[in-house]
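Peer 1: After the structure tokens below, expect a handful of questions from me.
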Amino acid sequence: MAHGGTAAGRVLEAALRPASVRWPRQQIPLPSRGYFWRAVAKEAGGEWDLREDLRPRNAFPVRLGWLHGVLQGQRLLRSGPRIELPSLLLASTTSDMGPVWRERMRERDAVLPIAPMRRAAAELCVDLEEALVEGGLHDVLLSPAPVRNEAYGRLGRWLEELSRREG
């Protein structure tokens, strides 16, 4: 879902369509923030040794074709049938996507806002369980060890419950 919501996503998708067909690899000039890298990289105070070619400091460039494809895919998901398989939303309880780095971003999703993510998941999934983890990062399983352990525990309990339901 676009950061501005569904309506903003529709407008952006329509606006990007002609340019994304003609110049799909054209980079979109966006601010280079690198907050997620800063939260997880060992050299910045996180826990993980990251390879620059796989996880650059300032993320990969956003290209017209890629962004248009994401927005188109989101639109198709919203307009298609709901997902009937059991689904788990494993996410942080809070987000902070401010324009400047704050240390509290080490304990929040600094990439996507949580509330619209929860609404979108609830609209898409018939059988949804939420596992919101206090102190989680955008990729909850890269969060600090205590948070990560809680996330894996929640995931394990969800899988066990699924096994009992199916068994």
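The values are calculated or read from the model by the stated rules, or taken from the named source; none is laboratory data. As the structure is a prediction and not an experimental result, all values here were calculated from the model. Note that each Cβ is placed from the backbone with ideal geometry, even for glycine, and that neighbours are counted across all protein chains shown. Quick note on the areas: whole protein, heavy atoms, side chains included, nothing else; ligands and nucleic acids left out. Shrake-Rupley method; radii C 1.70, N 1.55, O 1.52, S 1.80 Å.
Peer 1: With the other protein chains left in place, how much accessible area per residue, in square angstrom, belongs to the chain at a 1.4 angstrom probe?
Peer 2: It amounts to 63 Å² per residue over the chain.
Peer 1: Please report the carbon-and-sulfur percent of the accessible area for segment 42-167; probe 1.4 Å, protein heavy atoms only, DNA, RNA and ligands left out.
Peer 2: 55 percent
Peer 1: Return the sequence-ordered ³J(HN,Hα) values of segment 119-124 in whole Hz as given by the Karplus equation 6.51 cos²θ - 1.76 cosθ + 1.60 applied to θ = phi - 60°, using x for Gly and Pro.
Peer 2: Once θ is set to phi - 60°, the couplings for segment 119-124 become 4, 4, 4, 5, 6, 7 Hz.
Peer 1: Considering only C-alpha atoms, what is the centroid distance from segment 37-61 to segment 125-167, in Å?
Peer 2: First find each Cα centre; the distance between them is then 24 Å.
Peer 1: In the neighborhood of residue 19, defined by Cβ-to-Cβ distances under 15 Å, what is the net charge if each Lys or Arg adds +1 and each Asp or Glu adds -1?
Peer 2: Combined, the nearby Lys, Arg, Asp and Glu give +3.
Peer 1: Long-range amide H contacts for residue 134: which residues qualify at under 5 Å (H placed 1.01 Å from N, peptide plane, sequence gap of 5 or more or a different chain)?
Peer 2: Distant-sequence amide H within range of residue 134: 93.
Peer 1: Just from its helices, what would the mean residue ellipticity at 222 nm be for the chain, if runs of 4 or more DSSP H residues each count -39500 (n - 2.57) and the sum is divided by every residue, rounded to the nearest 500 deg cm²/dmol?
Peer 2: Roughly -14000 deg cm²/dmol at 222 nm, from the helical runs in the chain.
Peer 1: In the chain, once you exclude exposed trypsin sites (Lys or Arg not before Pro) (DSSP loop, at most 16 other Cβ within 10 angstrom), what's the longest stretch remaining?
Peer 2: The longest uninterrupted stretch comes out as 103-167.
Peer 1: Okay, moving on. In percent, how large is the relative contact order of the chain, given Cα pairs closer than 8 Å and 6 or more residues apart? Mind dumping the intermediate values first?
Peer 2: Details: 242 pairs, mean separation 36.1, N = 167.
Relative contact order, the chain: 22 percent.
Peer 1: Give me the one-decimal nm value for the distance between modelled label points at residue 85 and residue 102, 7 Å along each residue's Cα-to-Cβ direction.
Peer 2: 3.7 nm
Peer 1: Of the listed values (i) 24, 19, 14; (ii) 28, 25, 13; (iii) 29, 19, 15, identify the label whose number matches semi-axes √(5λ) of the Cα gyration tensor in Å calculated from this model.
Peer 2: Matching the structure shown: (ii).
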